[in-house]
Amino acid sequence: MVRAILYVEVAEGSTSAADQLAHVSLANCLQLVSSLSPNEVIVRVECNDLKSLNEAITHSFAEIPGVTRITTCVVINS
């Protein structure tokens, strides 16, 4: 099991991006999303393996329109 905390920045006026982060379908991962402000979101992701985590970040989250930057703050491999 791999867990990560992500800090996601959203472009001005892209209010639906934060909602999409919470509802994007991830194959081998689960996410918990908390909005700090309209432009800042914290995502806790838990995946079966590191490959699934990388795919969730680079494909599922990064490709959402309005997401401008994703910073991986913590990765815990258990």
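The values are calculated or read from the model by the stated rules, or taken from the named source; none is laboratory data. Nothing here was measured: the structure is a model prediction, and the numbers come from that model. Backbone-built Cβ (ideal geometry, glycine too); neighbour counts: all protein chains shown. With ligands, DNA and RNA removed, areas are computed over all heavy atoms of the protein, side chains included. Shrake-Rupley method; radii C 1.70, N 1.55, O 1.52, S 1.80 Å.
Stretching S37 away from H59 to a fully extended chain increases their span by 5.6 nm, per 0.36 nm per residue minus the current alpha-carbon distance. Computed with a 1.4 Å probe over protein heavy atoms only, the accessible area of R44 comes to about 90 Å². Available extension along the chain between T15 and R3 is 1.7 nm, counting 0.36 nm per residue and deducting the alpha carbon span. Computed over the Cα atoms of the chain, the ratio of the radius of gyration to the Kirkwood radius (Rg/Rh) comes to 0.94. Extending 7 Å from Cα along the Cβ direction at H23 and again at T68 yields two label points whose distance is 2.4 nm.
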